[in-house]
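The values are calculated or read from the model by the stated rules, or taken from the named source; none is laboratory data. Computed from a predicted model, the values in this text were never measured in an experiment. Cβ coordinates were reconstructed from backbone atoms using ideal geometry, including for glycine residues, and neighbour counts include every protein chain displayed. Only protein heavy atoms, including side chains, enter the accessible area calculation; ligands, DNA and RNA are left aside. Shrake-Rupley method; radii C 1.70, N 1.55, O 1.52, S 1.80 Å.
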Amino acid sequence: MFCVSKWPLDAYLRVERLPTLWCPGCGIGIVVKALIMAIDSAKLDPDKIVLVSGIGCTGRAPGYLKFDSFHATHGRAIPLATGVKLTNPELKVVVISGDGDLFSIGGNHIIHAARRNIDMLVLCVNNFVYGLTGGQVAPTTPTGAKTKTTPLGNLEQPFNLVSIVATAGATFVARWTVIHVPQLKKSIEKALKRRGFSFIEIVAPCPTHFCRANNISPIEALERLQKVSEIKNGLDPREATLDFGSKIVCGEFVDEEREEYTTLIYSLIKERSGKDVRNVVSA
Ligand code: SF4
């Protein structure tokens with residue numbers, strides 16, 4: 001029988017749902033732990049936090065966490081999160097999903113959310129494949145890498161996620177890997193305390209599909225992250241290379257202020273109608 005010992009952050013977990021469905025060696029649990037450590041450290045009211053996810057291994061995370069949450073259809077986490085935020089701007093909305101969900105089917109939504117600078121934090125776990133559905137090629141799969149659907153090697157060039165969202169207008173952009181837990185926790189806490197569209201990519205190669213298909217053991221994957229990662233805070237995100245074989249540039253690349261979408265919309269409504277609708281919807 002599975003036994004869960006008492007842990008200081010148990011209050012944030014639906015312990016009755018454990019164990020998770022994540023494979024041994026998967027990095028998603030590390031990201032979830034960093035998220036709840038950051039929420040705890042930021043002293044945010046758990047009742048004011050809403051988690052939203054799409055489909056995929058990462059998309060299962062809100063199911064294990066004790067917050068109000070939505071598990072959206074594939075690729076639609078961002079529109080759902082946008083609806084939550086617009087309806088009740090007092091809420092802190094966190095999207096936690098994978099690279100396939102957010103940048104393939106949901107690719108259109110994320111660039112527009114970044115463009116609007118709507119207040120939400122998006123945590124994107126980049127595992128280089130579609131994990132939950134069996135290891136198919138994703139828009140983040142490195143060129144030449146083998147997957148279930150590219151057994152001879154991927155011919156396409158992967159997206160650079162931090163470059164895309166920064167170009168689209170995100171006002172906080174960072175990248176870490178699953179070996180950068182203190183830095184990741186710090187960036188999440190910073191993003192939770194600010195207002196605007198924040199994006200954090202977390203590189204976490206999928207041991208079961210990506211690593212196995214490319215003859216990399218889970219330990220070798222972590223060793224490689226350690227070997228090839230370098231931190232360059234403030235670097236232009238377009239220059240933030242992500243090459244799992246040779247160089248992964250991590251850091252906080254963008255941190256700037258711009259008018260936030262929800263604030264603009266509620267100010268406009270107040271200006272036109274004379275009513276502070278925000279107090280009505282959040283009551
Ligand atoms: Fe993690 Fe890959 Fe297993 Fe999904 S399939 S839980 S990404 S190791």
task = State yes or no: is S41 farther than 17 Å from F199 by Cα and touching a Pro at 6+ places or on another chain (Cβ under 6 Å)?
result = no
Which numbered condition V162 fails, given (1) in contact (Cβ under 8 Å) with a residue 60 or more places away in the chain; (2) within 16 Å of the ligand (Cβ to nearest atom) = (2)
key: Among the residues listed as T208, T241, the single one being at pLDDT 95 or above, closer than 20 Å to P139 by Cα and open to solvent by 40 Å² or more (accessible area, probe 1.4 Å)   = T241
query = Which residue pairs have Cβ atoms closer than 6 Å, lie 6 or more positions apart in sequence or on different chains, and pair a first residue in the stretch 2-27 that is open to solvent by less than 90 Å² (accessible area, probe 1.4 Å) and of a type in the set (A, V, I, L, M) with a second residue that is modelled with pLDDT under 90 and more than 16 Å from the ligand (Cβ to nearest atom)?
reply = V15/V4; L18/V4
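Would it be correct to say that T87 is open to solvent by less than 50 Å² (accessible area, probe 1.4 Å) and in contact with a helix residue (DSSP H, G or I) (Cβ under 7 Å, 6 or more places away or on another chain)? Give the derivation first.
Details: open to solvent by less than 50 Å² (accessible area, probe 1.4 Å): no; in contact with a helix residue (DSSP H, G or I) (Cβ under 7 Å, 6 or more places away or on another chain): yes.
For T87, the condition - open to solvent by less than 50 Å² (accessible area, probe 1.4 Å) and in contact with a helix residue (DSSP H, G or I) (Cβ under 7 Å, 6 or more places away or on another chain) - is not met.
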ask   = Does T133 count as closer than 22 Å to G56 by Cα, part of a loop (DSSP other than H, G, I, E, B) and among the hydroxyl-bearing types (S, T, Y)?
value = yes
request  = Run down T141, T133, T149, T167 and say which single residue is within 16 Å of the ligand (Cβ to nearest atom), at pLDDT 95 or above and either of a type in the set (K, R) or open to solvent by 30 Å² or more (accessible area, probe 1.4 Å) (or both).
outcome  = T149
request  = Sort through I96, I49 and tell me the only one that's open to solvent by less than 10 Å² (accessible area, probe 1.4 Å), within 16 Å of the ligand (Cβ to nearest atom), of a type outside the set (F, W, Y) and touching a strand residue (DSSP E or B) at 6+ places or on another chain (Cβ under 9 Å).
outcome  = I96
note = Turns out the helices (runs of 4 or more DSSP H) fully within the stretch 208-283 with at least 1 residues that are over 21 Å from the mean Cα position of the chain (by Cα) and within 21 Å of A81 (Cβ to Cβ) are 261-273, 277-281
task = Give just the number: which of (1) within 16 Å of the ligand (Cβ to nearest atom); (2) within 18 Å of T141 (Cα to Cα); (3) exposed (fewer than 13 other Cβ atoms within 10 Å of the Cβ); (4) not aromatic (F, W, Y) does I219 not satisfy?
result = (2)
Matching residues, the stretch 48-79, being free of Cβ contacts under 8 Å to residues at least 40 places away in the same chain and at positive phi = G75
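Residues that are among the aromatic types (F, W, Y) and modelled with pLDDT of 95 or more: does the stretch 191-201 have at least one?
yes
Can you say whether I78 is more than 14 Å from the chain's Cα centre (by Cα), at pLDDT 95 or above and crowded, with 16+ Cβ neighbours inside 10 Å, as far as the supplied structure shows? Outline the logic, then answer.
Working: more than 14 Å from the chain's Cα centre (by Cα): no; at pLDDT 95 or above: yes; crowded, with 16+ Cβ neighbours inside 10 Å: yes.
Criteria not met by I78.
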